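The structure under discussion appears below in the form of structure tokens.
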Amino acid sequence: MTSKKIIAVMGATGAQGGGLVRAILDDSDGGFAVRAITRNAGGDRAKALASLGAEVVEADVDDAESLKSAFEGAYGAYCVTFYWEHFSPQKELAQAGNMAAAASHAGLEHVIWSTLEDTRQWVPLSDDRMPTLMEKYKVPHFDAKGEANALFTSRGVPVTFLLTSFYWDNLIHFGMGPKPGTDGKLVFTLPMGDRKLPGIASEDIGRCAYGIFRKGRDYIGRTVGITGGHLTGEEMADSLSKALGREVVYNAITPEVYRGLGFPGAEDLGNMFQFKHDFESYFCGVRKLDESRELNPSLQTFDDWLEHNKQSIPLE
Ligand SMILES: NC(=O)c1ccc[n+]([C@@H]2O[C@H](COP(=O)([O-])OP(=O)(O)OC[C@H]3O[C@@H](n4cnc5c(N)ncnc54)[C@H](OP(=O)(O)O)[C@@H]3O)[C@@H](O)[C@H]2O)c1
């Protein structure tokens, strides 16, 4: 039996949870042990975590009883939902409720809920600057996370609300990287005008979360916004040009055009970028670079991230 404080990590084989698992394992004297939660302990990514020293436990965020067992005996939990697997805010709310119930049942001492803003507090459904989606949301994958905050507090879960930022990894995995234009230059398209977009290396989200667990009680009840940098589309294109050794031109399209791009989730993301654009000073202000670096001294800038990842950005 370990005397270390066990952190149960949802999404352990994915981006956010994976960063936290590696941060805990990298700090063997830090006083924490990690329980990596997966639906499939026999999968390659779960086996890789086990070989690094993680305890691997199976549970499904849709199965409340499996979460109760998975959180039992732990000190804390990292809770994240997986919106892009199902595109359903209702499902996301139910999943957050399952995790909050399991955290309360297990008597956890510190939970981090990876949340985002309920944008309806800034853009009520009656505000027609952007369309209402799915009848009751403006940015469905943000709004449900923000709405779910109350599911943790109403159960008295000792929680830190973690406001994450746009993953720079979206340039690799989400088709958001530069694409060839008609003149041979690369074109980087974002509907952000001249406003700043807080971004982060997805690996750093879990590393910042580890810093929050290390700080412990001081962070319970707090909302913490993290970022690796606030950059305009122009600044991102300049960094991309330097890293790739090819000219990258920023193409600032409107949110309307972005919503009409037709890929699954385009309307949701178009509204999201419009929210970040229209409320730039709030959105950047709450995502603090200094505090993120204090929580995670190895925090990467966009240039650092590009240096390590430029070869993985598809340019077709
Ligand atoms: N992309 C962005 O810029 C961005 C920015 C901020 C926030 N987010 C949010 O980040 C969230 C996703 O986190 P992520 O990027 O870390 O996810 P991810 O890399 O896609 O990983 C998700 C992991 O969760 C596990 N999982 C999926 N469904 C599950 C279920 N039903 N029960 C238990 N585990 C399940 C899977 O592991 P197994 O297969 O091993 O079970 C998978 O490895 C989304 O809600 C998104 O809105 C994204």
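Look through the range 112-125, keep the residues that are free of Cβ contacts under 8 Å to residues at least 60 places away in the same chain and hydrophobic (A, V, I, L, M, F, W, C), and return whichever of them is farthest from the ligand (Cβ to nearest atom). Ranking the candidates gives 125 first. Scanning the range 138-163 for residues being surrounded by fewer than 23 Cβ atoms within 10 Å (Cβ to Cβ), outside any helix (DSSP H, G or I) and among the polar types (S, T, N, Q) gives a total of 1. Figure legend. Inter-residue proximity from the range 87-111: first residues of a type in the set (D, E, K, R), second residues within 12 Å of the ligand (Cβ to nearest atom) and part of a helix (DSSP H, G or I), beta-carbon distance below 8 Å, spacing 6+ or different chains. Indicated pairs: 92/83; 92/141; 92/144; 92/145; 92/148.
In contact with a Lys or Arg (Cβ under 8 Å, 6 or more places away or on another chain), among the small types (Gly, Ala, Ser) and more than 10 Å from the ligand (Cβ to nearest atom): which single residue out of 154, 104, 88, 165 fits that description?
104
The sole residue among 229, 193, 199 that is out of contact with any Cys (no Cβ under 7 Å at 6 or more places or on another chain), surrounded by fewer than 20 Cβ atoms within 10 Å (Cβ to Cβ) and in contact (Cβ under 8 Å) with a residue 60 or more places away in the chain is 193. Mind listing whichever residues of the range 63-83 are of a type outside the set (Val, Ile, Thr), within 9 Å of the ligand (Cβ to nearest atom) and in contact with a Gly (Cβ under 7 Å, 6 or more places away or on another chain)? Residue satisfying the conditions is 82 alone.
To keep it simple, each residue is scored yes or no on (1) within 15 Å of the chain's Cα centre (by Cα); (2) not hydrophobic (A, V, I, L, M, F, W, C).
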| site | (1), (2) |
| --- | --- |
| 152 | no, no |
| 167 | yes, yes |
| 174 | yes, no |
| 192 | no, no |
| 216 | no, yes |
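Just name the residue that is nearest to the ligand (Cβ to nearest atom) out of those in the range 25-41 that are under 13 Å from residue 13 (Cα atoms) and of a type outside the set (Val, Ile, Thr). Within the range 25-41, the match that is nearest to the ligand (Cβ to nearest atom) is 39. Can you confirm whether the range 249-262 contains a residue that is touching a His at 6+ places or on another chain (Cβ under 8 Å) and modelled with pLDDT of 95 or more? Yes, the range 249-262 contains at least one residue that is touching a His at 6+ places or on another chain (Cβ under 8 Å) and modelled with pLDDT of 95 or more.
The values are calculated or read from the model by the stated rules, or taken from the named source; none is laboratory data. Model, not experiment: these values are computed from the prediction. Glycine also receives a Cβ, built like all others from the backbone with ideal geometry; neighbour counts cover every protein chain displayed.
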